[in-house]
Amino acid sequence: MLTSYITWDVNPDIYNGFITIRWYGLMFAIGFWLGFNIVGKMFKREGVPESWLSILLIYVGVATIVGARLGHVLFYQWDYYSQHPLKILATWEGGLASHGGAIGIIIAVILYSIFTTKRNPLWTFDRLTIAIALVGGLIRIGNLMNSEIFGHATTLPWGFMFVRSQEWNQLYYGVACHPTQIYEALTYFALFALMMWMYWKKNLGERPGLLFGTFLIGTFGSRFFVEFIKNNQVAFEETMTLNMGQWLSIPFVLLGIGLIIYALRRPRIPLHYPNRFAPEKAGKK
């Protein structure tokens, strides 16, 4: 029986001249732009100051990059980076961990809530994570364009041969692999659609923690299962029953379950929807 497969031979660079523009960077930028606009519409709907939006963008932008980089350094390659600390700054060489980014964003939102909104952090988490689900899907498309973070060998008809990947050529040459980037991207896009429906159609932003909990279970629950068919990122994971990504996902899933239980056991908090930004306080622009 003939085995079908897809030969993936996409150049990760969109343009390579006096500057290099890569698909991954473009997906990241599009995600942030779309996310900024989606959160902006929610903030406007609920009548909060417009300045909260730009401040949140700064918090989240810095936290995502710093957290994702430090997550990779600490969770996956500390042996190397502890001996080459200056290499931690070399983000252009690759090495970002989504779990580290998640931890960074959690810390940033808590600080943002203390210093800017003066509200329960769950209010921000419930709205921000809708956009993050979309961004996560686009980033996985960027990983696909880079021919990276793919899965084990497969005979399924949608298996990919990542011919531009050095890892694929060393480990799987001539054999198709699971396009786990697509699996994760589709999961994140479906989660984004579900959460948009929950917020806009069912007004479930009125149950603090419900959207955030849904996001954590959908994102890290799917990540846990996809990891079973994904290649390990570093060598030490080969001796582990569950890899590092799976162990790091478990606390987030448990937190998500706890948040949903918390949200459903507490009374719904009706919100006002003026659909316009609140005026800024005197002395602020």
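The values are calculated or read from the model by the stated rules, or taken from the named source; none is laboratory data. Keep in mind that what you see is a predicted model, and the values were worked out from it rather than measured. No Cβ is skipped: glycine too gets one built from the backbone with ideal geometry, and neighbour counts run over all protein chains shown. SASA here: full protein model, heavy atoms, side chains in, ligands and nucleic acids out. Shrake-Rupley method; radii C 1.70, N 1.55, O 1.52, S 1.80 Å.
Screening Ile114 against (1) touching a residue at least 12 places away in the same chain (Cβ under 8 Å); (2) assigned to a helix (DSSP H, G or I) leaves a single unmet condition, (1). Of the set (1) open to solvent by 30 Å² or more (accessible area, probe 1.4 Å); (2) modelled with pLDDT of 95 or more, all apply to Lys284 but (2). Exactly one of these conditions fails for Arg45: (1) surrounded by fewer than 13 Cβ atoms within 10 Å (Cβ to Cβ); (2) at pLDDT 95 or above. Give me its number. Just one mismatch for Arg45, condition (1). Checked against the criteria, Ile141 does not count as closer than 30 Å to Leu122 by Cβ, part of a helix (DSSP H, G or I), open to solvent by 50 Å² or more (accessible area, probe 1.4 Å) and touching a residue at least 24 places away in the same chain (Cβ under 8 Å).
Scanning the stretch 68-100 for residues that are assigned to a loop (DSSP other than H, G, I, E, B) and over 18 Å from Pro251 (Cα atoms), which turns out most open to solvent (accessible area, probe 1.4 Å)? Once the filter is applied, the top-ranked residue is Gln83. One residue alone among Gly209, Gly151 is in contact (Cβ under 8 Å) with a residue 40 or more places away in the chain, on the phi > 0 side of the Ramachandran plot and not hydrophobic (A, V, I, L, M, F, W, C), and that residue is Gly209.
Go through the residues of the stretch 101-109 one by one and say whether even a single one is part of a loop (DSSP other than H, G, I, E, B), open to solvent by 10 Å² or more (accessible area, probe 1.4 Å) and not aromatic (Phe, Trp, Tyr).
no
Scanning the stretch 260-280 for residues that are surrounded by 11 or more Cβ atoms within 10 Å (Cβ to Cβ) and without any contact (Cβ under 8 Å) to a residue 60 or more places away in the chain, we see that the one that is farthest from the chain's Cα centre (by Cα) is Arg266.
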